[in-house]
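Notes for the one structure printed next.
The values are calculated or read from the model by the stated rules, or taken from the named source; none is laboratory data. A quick note: this is a predicted structure, and the numbers were derived from the prediction, not measured. Quick reminder, even Gly has a Cβ in these numbers, built from the backbone with ideal geometry, and neighbours come from all protein chains shown.
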Amino acid sequence: MFEGITSTSSLGTLGLIASLSLIILDLSNNKIDILRNGSFNGLSSLQHLNLKSNILVYKKNTFQDACFSQLKSLQVLNIENNVGFYSAGQIFPKLNDLINLDNDFSFGNYLYETLAMNISVLNVSNLFSTHDIPTGHINKRQLSSAVQGTSDFVQNYIDTVLNNGYEVNVHIPFPRNFKFFYIKRSLLRFTVPRCTLMNNSLVHVDGSENLVTAWIGPVINIKTLRYLDLSSNFCSNISDFFFQDCISIETLLIGDNLLGFIIPFDEKGNILSALKLLTKLNLAQNRIATIPRDFFKSQVALKTLDLRDNYLSDILFDIAHMNKLTKIDLSTNHISSLGVSTMKDLDDTNRKNNLTLDLSNNPLACNCKTIDFIKWISETDVHLLRRHQYECLQEDSTKILLSQPRLVYQHLEKECSSYGYVIAGVSVAIIIFIIILFFGVMYRYRWKLRYLYYMTKQKYRGYQLQQDRDETDYLYDAFISYADEDQMFVHDEMIKNLEDKFSIKLCLHKRDFTPGQDIAGNITNAIHNSRKTIVVMTENFLTSYWCMFEFNMARMETTYSRHGDKVLMMILYQPIAVKDLPLVMLELVQSESFIEYPRDHFGNDVFWMKIKEALE
């Protein structure tokens, strides 16, 4: 008995082997252009037939020979367009128990009826291969008008079957033993709506390299599916519930899509929440810039995670719960370094499973900011795939190999330590400079700040600052600022000559200050409510803190409340050397805002008259 035969001759030789009990017959690559009825009569034991790479024109009842009732696997190629006018029952009338129907079809009505056949493998990939589709990724602009028209027919068919809506629960029939379904590179363009698959045993689906751009779903009754490939579909949207019934999926390939537009918003990890048995996940080439921390929260069984060729700059998602994780591919991303918490998580995962990490073709950086990362590379037990190819960018924009990361780290450690001392020294110097500058400014404007403080304090106590006062607005004509040691002069002569003789109202701290109020507040209030401030200058005055306080408050009053009008008058009661006077008092002397106290009777009369005129 012949188990199998491979032939490169014409079908005329079949007559010689018709009586043989063939199980496998390979007639591929024979330029066969037509199959006649009865060509396979006598091959009653035939189970596997390969007719690939021929140029067949199929007609009604092409496979009607009796032998096809036992056929388990049929492989054909280049079914021309006219087959689309027949049903599957007319083309494959005897193939009701076919296990493997592996073909390259053109689209036609005959495909509908394959769903009713008792098959376990159906390959309808490359539906439009006879139209010379360009190789590589699908690009709509590359498609000919004929293919575009045929693809539109596919879309119309899908819309009709799915009832033109996402809310309708579409029931799709499947063969009872249907396990493997291949519909790769078939130019299908539609959005996956909510649909329910009839009883099936699907374990493997390959729908890659199509144009299924949105996966809404959910797809119900697909609980046996273990392998799903939807890569290269230009998909930019997945609903939170698309995978809700795919609880048995172990391998999910959804790379080369546009999922970077939707993944960053799934902060609760809803998209993959049902895939608790997932062991392999491919998210490569999806333009993903960031992945939320809890995106993989349900993937406790994950072993391989492929995130290559994205825009990631760090691992921000949680991997601590992935107790079986053995490989993460982060090659060709935008990673310059990894965070401290990320490196710790990787080390913890490695202690469980001997983790392999691929960071090749990333713009790694070697500088003082990333020194901890370089140290980690030199010390970690994580297997860094292709580490000898790693390059990192230095501060001077030159690249160096990380084949010996320990040496790179030691060099950076020396560089950064000295650099750190410089930074620390400069930082301390800047802080000291700022402190000195701050206290210098505080000292320079100390009297202004005090004046503003006390004026504000008086304001919030009910006192209202008044501007542009006239002569009647002041409570006193003059506030007398003097040292306690000189009080005899003030009380014996100033009150007698100014108040009693000229009716000038004076403000004296021992007589007119408000009891219970602090001295500074009384002084500020008295100066502000007096038309002038008269300073009785003596050596005692210069050594008195409160006398100098009154003098400076009067200066601030001149500047900030009287619009530059002179408030201060100085009486030189005792001769004082110019060198002993503060600079601010020398300004009064130079501006002749002072008068000397005479020691003769005639001079006294003139002195008090001048004081009266100044106050008026």
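Observations on the structure shown:
- Some residue of the stretch 254-263 being aromatic (Phe, Trp, Tyr) and surrounded by fewer than 19 Cβ atoms within 10 Å (Cβ to Cβ): yes
- Number of residues in the stretch 523-567 that are over 60 Å from the mean Cα position of the chain (by Cα) and among the polar types (S, T, N, Q): the value is 7.
- Number of positions in the stretch 594-616 that are within 22 Å of residue 477 (Cβ to Cβ), part of a loop (DSSP other than H, G, I, E, B) and modelled with pLDDT under 80: 1
- Subset of the stretch 490-529 that is of a type in the set (Asp, Glu) and not in a loop (DSSP other than H, G, I, E, B) - its residue that is farthest from residue 573 (Cα to Cα): 512
- Residues within the stretch 564-580 that are touching a residue at least 24 places away in the same chain (Cβ under 8 Å) and either assigned to a loop (DSSP other than H, G, I, E, B) or outside the structural domain of residue 610 (by TED's automatic domain parsing) (or both), tallied: 5
- Test: residue in the stretch 230-242 that is of a type outside the set (Lys, Arg), surrounded by fewer than 19 Cβ atoms within 10 Å (Cβ to Cβ) and outside any loop (DSSP other than H, G, I, E, B): yes
- Residues of the stretch 391-409 that are of a type in the set (Gly, Ala, Ser) and farther than 14 Å from residue 360 by Cα: 397 alone.
- Checked against (1) of a type in the set (Gly, Ala, Ser); (2) buried (at least 17 other Cβ atoms within 10 Å of the Cβ); (3) modelled with pLDDT under 85, residue 591 passes all but a single condition, namely (2).
- Answer residue from the stretch 330-355, given it is of a type in the set (Val, Ile, Thr) and under 17 Å from residue 309 (Cα atoms) and is surrounded by the most Cβ atoms within 10 Å (Cβ to Cβ) among those: 335
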